[in-house]
Amino acid sequence: MSLRYYIFLKDVLLLALTSFGGPQAHIALMFKLLVEKRRYLTDQELIELNALCQILPGPTSTQTITAIGFRIGGPNLAYLTLLVWIMPAATIMALAAFVISYLQENNISLHFLRIILPMAVGFVAYAAWKISVKVVNTKVAIVLMVVSAVLSYFFRSPWVYPLLLIAGGAVTALRFKQHPQEKDKRLHIQWANFFLYVGVFILAAALGGATSSLPVRLFENFYRNGSMVFGGGQVLVPLMYTEFVQFKGYLTGEEFLSGYAIAQALPGPTFSFTSFVGNLAMREYGIAGQFLGSFVATVGIFLPGTFLIFFVIRFWEELKKYRVVRASLEGISAVSSGMVVAAAIMLYHPIDNTLLNFGIVVATFALLMFTRIPAPVLILTGLLLGFVL
């Protein structure tokens, strides 16, 4: 493996350890590190990849960074990128599942994490500004961004996200004649990963229905959720609460919410919360069973999106040569920026609307926008202030 690949994986690990605030904040940090500092790809390429991943089901930021790894070093680097990205948060959430009962029994508060939550909103607000500046350059794009933000805010069904992206792309696709024609538009589609995705889906469903093995059923549950969820971890959480707490009773509501609070304060992919849920679902099987629960939950939730991005990314550059596709990217990117604006507002709602919290959001945004202070320094400062104040 070349030195450049090692440096890239080190950067991915840094993001995995410092990317707080969910997929929108992850994209902001990718802009700062992978685009502005390392120049692995351009602003527009990152925006287009992120928009593509938002159309697909699964964890958006995980698919985006995996696609970047694929562009730089092909499938092998993409697989390593995926592992490096998800391992820290998934491991911490598995360990947190062991610790959570102890915390509850001893009434240990998570109050020290309170500074991180409004800081995360600041990261998302910065992502909204960063993406909007890059992609919203026409009156049509402005209208699409505003409409997308309003609809994303008021209609929070997981199906709203892909429908808005498709609608936005369709609006600007009508103006395809403004784009120059390109030759060599032969589209070579490799179907292997798509067939693999469908095959595992069918096999998991069949085994899940036929077996009494809890690990197998958990894998089927999470693979199904990973195949159906659009819009990131914020959409996945209420679905998991309904299925695993209210319907199946694998863990209590208090355990679920405590774990989610920890996940909100952790860097890396939001979908890593599944490691916590899978762990507690297998608690009757001892420590080995709990780690197995974390493993099948994590693999199950991330595998569908990985299969799909590996399928699409192989012909994405060829697909973009079609004028209709290139024209649609303007609308998709504008809608995507509107979704990030809505996410920044929605993520602020669970936080107490105090002058201090609002000030932390504004200060975080300002520091990201006007200074070169590294994100890890900001996050560590927030954690220290949480202990002190």
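The distance linking the stretch 268-294 with the stretch 322-385 is 30 Å (Cα centroid to Cα centroid, whole angstrom).
Per-residue ellipticity at 222 nm from helix content only, as computed over the chain with -39500 (n - 2.57) for each DSSP H run of at least four residues, stands at -24500 deg cm²/dmol.
Provide the gained length on full extension for the span Lys139 to Glu318, in nm with one decimal, where the gain is 0.36 nm per separating residue minus the Cα-Cα distance. Provide the component values of the computation, followed by the final result.
Numbers: separation 179, 0.36 × 179 = 64.44 nm, distance 2.84 nm.
Result: 61.6 nm gained on full extension.
Computed in the context of the full set of protein chains, the accessible area of the stretch 1-138 at 1.4 Å probe radius has 63% of its extent on carbon or sulfur.
For the residues Asp11, Asp43, a 1.4 Å probe over the protein chains yields an accessible-area ranking, largest first, of Asp43, Asp11.
Projecting label points 7 angstrom from Cα along Cα→Cβ for Thr381 and Gln246 puts them 4.1 nm apart.
Taking 31 Å as the limit for the C-alpha separation, the pairs Lys37/Lys320; Lys37/Lys321; Lys32/Lys248; Lys10/Lys248 exceed it in the case of Lys32/Lys248; Lys10/Lys248. Counting 0.36 nm for each residue step from Leu203 to Arg186 and taking away their Cα separation leaves a gain of 2.8 nm.
Remark: the stretch 271-317 carries 30 Å² of accessible area per residue (probe radius 1.4 Å; ligands, DNA and RNA excluded).
For the stretch 1-151, the dipole from Cβ point charges (+1 on Lys and Arg, -1 on Asp and Glu) about the Cα centre works out to 380 debye, to the nearest 20. Placing R0 at 35 angstrom, the Cβ-Cβ distance between Phe358 and Asp43 gives a FRET efficiency of 0.75 after rounding to 0.05. Computed 3J(HN,Hα) for the stretch 38-49, one whole-Hz value per residue from the Karplus formula 6.51 cos²θ - 1.76 cosθ + 1.60 where θ = phi - 60°, is 8, 6, 5, 7, 8, 3, 5, 5, 5, 4, 5, 4, glycine and proline marked x. Based on Cα contacts under 8 Å between residues 6+ apart, the stretch 10-96 shows a relative contact order of 30 percent. Here the Karplus relation 6.51 cos²θ - 1.76 cosθ + 1.60, evaluated at θ = phi - 60°, turns the backbone of the stretch 339-354 into coupling constants of 5, 5, 4, 5, 4, 4, 6, 5, 6, 7, 4, x, 8, 4, 7, 9 Hz, with x for every Gly and Pro.
The listed residues Lys37, Lys248, once ranked by accessible area (1.4 Å probe) with the largest placed first, stand as Lys37, Lys248.
Report, in debye and to the nearest 20, how large the dipole of the chain comes out about its Cα centre when Lys and Arg carry +1 and Asp and Glu carry -1 on their Cβ.
1280 debye
The values are calculated or read from the model by the stated rules, or taken from the named source; none is laboratory data. Since the structure is predicted, the reported quantities are computational estimates derived from the model, not experimental observations. Cβ coordinates were reconstructed from backbone atoms using ideal geometry, including for glycine residues, and neighbour counts include every protein chain displayed. Ligands, DNA and RNA are excluded from the accessible area calculation, which covers all protein heavy atoms including side chains. Shrake-Rupley method; radii C 1.70, N 1.55, O 1.52, S 1.80 Å.
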